[in-house]
Amino acid sequence: MDLRPIGVFDSGLGGLTAVRRLMQRLPGEDIVYFGDTGRVPYGTRSAATIAEYAGQDCRFLEKQNVKLIIAACGTVSSVAPHVLRQAAVPAFGVVEPTAAAAAAATVNGRVGILGTSATVRSGAYEQQLRRINPSIQTVAQACPLFVPLVESGWIARDDEAAVAVAKRYLQPMKDAGVDTLILGCTHFPLLSDIIRDRMGDGVTLIDSGACCADACARLLTQQGLASGRETGGEGRFFVSDRPEDFSAVAHRFLGREIGSRVLVAHAEEPAICP
Ligand code: DGL
């Protein structure tokens, strides 16, 4: 029985989609979240910068005495898995559990990957899928405009701007005839309705946050790290800038209010603890 919290980090707000899944899957676990809102987005940055930031994010969570670290960020998970391996506690990202779920879901062997520019450039999902099943064919599409659309709240099923952008990004997926589509970025589950409308019911959408929550539950059991509680887990939320923005829009990602429990901390400095 281990009552230390689970640490989750992301480049900003989006990782709360994964926290939402974790809270549903593991309601008895405490969670410490760090959103690097002062330096978001990561997805347009170089591999070296993403790795540097990811290392600082991990150090921040280690100082919060977490028992394991989840990189909810698709970009960090794809570009800097080596940084996660250097963490002082078990740490993992979204690529491996998400690719495993996609490989299990596909029937026709054609899998689409949506992510940030850095995620797509890394080729991480393709490599992992091929490792699982060399016959899987992949097609990847960078969708950088999805991130500001979601952060602006332009996510309604009939939002003209979001639908137009989705139409353009998803055409290569339709042309390739994928039957499984990886939502390889924290923000994309909020566009699921629009993506599903465009792709049709025959295409399975794979949500990286949900896959991560399942992987976390398995790891806690395997390594004897579970809290042993059925309910009562709490969340503590840190951001590196503008907590007032975070509180205002976080409910969209998390599905509940965070209120005043958001604290400001900088990943590269000692943590400000409550
Ligand atoms: N959290 C990032 C991801 O999942 C998206 C936002 C960003 O570019 O930092 O890839």
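What follows draws every value from the coordinates through simple rules; no lab data is involved. Predicted, not measured: the structure shown is a model, and the values here were computed from it. Glycine gets a Cβ as well: all are built from the backbone with ideal geometry, and neighbour counts include every protein chain shown.
Descriptive notes on the structure:
- Net charge over other residues, Cβ less than 10 angstrom from the Cβ of residue 31 (K, R count +1; D, E count -1): -2
- Each part gets one Cα centre, and for the stretch 1-71 versus the stretch 238-252 those centres are 14 Å apart.
- Reach of residue 174 by Cα under 13 Å, taken over aspartates and glutamates that are not fewer than 8 positions away in the same chain: 197, 201
- Extended-chain gain in nm, criterion 0.36 nm per residue less alpha-carbon gap, residue 135 and residue 105: 9.4 nm
- Averaging the sequence gap over all C-alpha pairs within less than 8 Å and six or more residues apart, then dividing by the number of residues, gives the chain a relative contact order of 28 percent.
- Neighbour net charge for residue 255 - beta-carbon separation under 11 angstrom, K R +1, D E -1: +3
- Under 15 Å, Cβ to Cβ, from residue 123 - net charge with Lys/Arg +1 and Asp/Glu -1: +1
- Sequence-distant aspartates and glutamates (8 or more away, or on other chains) whose Cα lies within less than 13 Å of residue 67: 2, 29, 30
- Mean residue ellipticity (222 nm) of the chain, computed from DSSP H runs ≥ 4 via -39,500 (n - 2.57), nearest 500: -13000 deg cm²/dmol
- Three-way shape call for the stretch 1-129 based on the alpha-carbon gyration tensor, with the a/c threshold at 1.5: oblate
- Cα-based shape type of the stretch 101-239, given that a ≥ b ≥ c are square roots of the gyration tensor eigenvalues and the cut on a/c is 1.5: oblate
- FRET efficiency for the residue 85 to residue 163 pair, using the beta carbon distance and R₀ = 51 Å, is estimated at 0.80.
- Helix 16-25 and the long axis of the chain differ in direction by around 80°, with both axes built from C-alpha atoms.
- Theoretical FRET efficiency, 1/(1+(r/R0)^6), r = Cβ-Cβ of residue 48 and residue 145, R0 30 Å, to 0.05: 0.75
- Derived scalar couplings between HN and Hα for the stretch 90-102 equal x, 9, 8, x, 8, 5, 5, x, 6, 5, 5, 5, 5 Hz in order, rounded to whole Hz, by the Karplus curve 6.51 cos²θ - 1.76 cosθ + 1.60 (θ = phi - 60°), x for Gly and Pro.
- Applying 1/(1 + (r/R0)^6) with r as the Cβ-Cβ distance of residue 229 and residue 175 and R0 = 35 angstrom yields a FRET efficiency of 0.15.
- Between amide H atoms placed 1.01 Å from N, distances below 5 Å from residue 113 occur with 139, 140, 141, 182, all of them 5 or more places distant or on a separate chain.
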